[in-house]
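Undergrad: Please read through the structure below; I'll follow up with questions.
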Amino acid sequence: MRSSSDWTDGFIGVRLHNSLGDKWSWVFRANAGAGGSDLALGMDIDFHREFSNGNQFLVGFRMLGIDDENSSGAVRTELDMMIFSGLTIGYTFNF
């Protein structure tokens, strides 16, 4: 017997971007979805530092929340608004 707890959600979101001077900028993204889960929420904010060669360093915070209390066949899923969050660090190379 094979079982699965996969699901698919539809999402809608927003993205905001603004400059903080010549070399710094920020990006904010948020989304909400539902379908297979009862509710899925995502949010992140990143601060970017652009270098003279076009590369960028970024640091930010990301959060993902999932609420699902559906039962399906042999697999029972009970996520009561489980939240994952933490620091994001990245580097972008432009060629």
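Undergrad: Using a 10 Å cut-off around each Cβ, can you sort Asp9, Asp68, Asp22 from fewest to most neighbouring Cβ atoms?
TA: Fewest-to-most ranking of Asp9, Asp68, Asp22: Asp22, Asp9, Asp68.
Undergrad: Calculate the FRET efficiency for Leu39 and Phe95 from the Cβ-Cβ distance with a Förster distance of 25 Å, rounded to the nearest 0.05.
TA: Calculated value: 0.05.
Undergrad: Provide the net charge surrounding Val27, with neighbours chosen by a C-beta distance below 15 Å and charges set as Lys +1, Arg +1, Asp -1, Glu -1.
TA: Charge balance near Val27 sits at +2.
Undergrad: Using a cut-off of 12 Å between beta-carbons, work out the net charge of the residues near Thr88 (Lys and Arg +1, Asp and Glu -1, Thr88 not included).
TA: Net of charged neighbours comes to 0.
Readers should treat all values here as calculations from the given coordinates under stated rules, not as data from a laboratory. On a predicted model such as this, the values are computed, not experimentally measured, just so you know. Virtual Cβ from ideal backbone geometry, glycine too; neighbours counted across all protein chains shown.
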